[in-house]
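Reading through the structure tokens given below for one structure.
The values are calculated or read from the model by the stated rules, or taken from the named source; none is laboratory data. This one's a predicted model, so the numbers in the text were calculated from it and none came from an experiment. So basically every Cβ, Gly included, is an ideal-geometry build from the backbone, and we count neighbours across all protein chains shown. Note: areas computed on protein heavy atoms with side chains; ligands, DNA, RNA excluded. Shrake-Rupley method; radii C 1.70, N 1.55, O 1.52, S 1.80 Å.
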Amino acid sequence: MTRVLNRIEAYYDAVPRSSARAEDFGPLTFFVREGADGWPFYARPTPGHDGGTTVEDVERVRARQRELGLPEAFEWVAETTPGLRAAVEASGIVVHEHPLMVLEGEPLAVPAPAGARVRTLAADDPNLAAAVAAPYAAFGATPGPGDARRVAARITAGLTVLAGGFDTASGEALAGGQAQPVGDVAEVVGVGTRPEARRRGLGLAVTAALVADARARGVGLVFLTASDADVERLYARLGFRTVATALIGEAPAP
């Protein structure tokens, strides 16, 4: 399992670099978005850094994040950087635990969602914006004005795969999700179903479509982070298994 986690660590360091610049803070690396449409990235452990992380290290990064008007956010894997949590929490950051799940073989078969069709989308697909927006509705949010444009650009560059679930009668986008492939590793992110379309298997079907696309691209390791134990059980039905704990640290609300 150490080898799998090492591959995920290398992925976590590589994936932001396509749209962010890395700022070195010794044991921590802070990824700063490039351009107004860039994703507001996080700070995470620097690969290969010898020694631990102090509260002062965390505070230096937080000061830089505040200076740039970006979220004071940290992400890492508990099992690979076990000492970081104490320093992050001592600085006042709130840490949340999430199951980190991998799928190394083929996904288990899941029933096709009734009354819906799931497919991946090209950058010029007329339904792209609706598929990008569907997961936001799942979480009671709305996409930013540049989100669809950014996703389309990343699809063109081969950095993102977008899948959507569409009602077969109306064509409405009911669910969506993305995968971010880097080499032979890909993470499935942002899978969500509109509230009125839940419990139809759309989320699993979207995830299965993203996995199938990744496998066709030669990706050997697909992983994701489940939001909670219920979602963890859902993805286990597709063959994902929990191998570690992803930790997400955020500054407390004022």
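Points to keep in mind about this one:
- Heavy-atom surface of the chain, accessible at 1.4 Å and reported per residue (Å²): 46
- Given (1) 20.8; (2) 18.9; (3) 18.3, the label whose value is Kirkwood radius over Cα pairs in Å derived from this model: (2)
- For GLU79, the solvent-accessible surface computed with a 1.4 Å probe is close to 90 Å², ligands and nucleic acids excluded.
- 3J(HN,Hα) along the range 149-155: 5, 5, 5, 4, 5, 6, 4 Hz, from the Karplus curve 6.51 cos²θ - 1.76 cosθ + 1.60 with θ = phi - 60°, whole Hz, x for Gly and Pro.
- Per-residue surface analysis assigns GLU106 an accessible area of about 130 Å², computed on protein heavy atoms at 1.4 Å probe radius.
- Remark: spin-label model distance ALA112-ARG199 equals 2.4 nm, labels positioned 7 Å along the Cα→Cβ axis.
- The range 55-67 - phi-based ³J(HN,Hα) in whole Hz, Karplus 6.51/-1.76/1.60, Gly and Pro as x: 4, 4, 4, 5, 5, 4, 5, 4, 4, 5, 4, 5, 4
- Database remark: amide H of THR245 closer than 5 angstrom to the amide H of ALA78, GLU79, LEU100 (H placed geometrically; neighbours at sequence offset of 5 or more, or on other chains; Pro and chain starts carry no H).
- Once the Cα-Cα distance is subtracted from the 0.36 nm per residue extended length, the VAL4 to ASP230 segment shows a gain of 79.0 nm.
- Long-range amide H partners of ALA73 with built H, under 5 Å: ALA43
- Segment ARG241-ARG217, length gained on full extension (0.36 nm per residue, minus Cα span): 6.5 nm
- Taking amide H positions as modeled 1.01 Å from N, with prolines and chain starts lacking one, the residues under 5 Å from LEU108 and 5 or more places away or on another chain are GLY239.
- When you restrict to C-alpha pairs under 8 Å that are six or more residues apart and normalise by the size of the range 1-138, the relative contact order lands at 15 percent.
- The modelled label-to-label distance for the pair ARG21/ARG64, using points 7 Å beyond Cα in the direction of Cβ, is 1.1 nm.
- Rolling a 1.4 Å probe over the protein heavy atoms leaves ILE8 with an accessible area of roughly 0 Å².
- Comparing SER170, SER19, SER91 in a Gaussian network model of the chain where C-alpha atoms under 10 Å apart are linked, the largest mean-square fluctuation is found at SER170.
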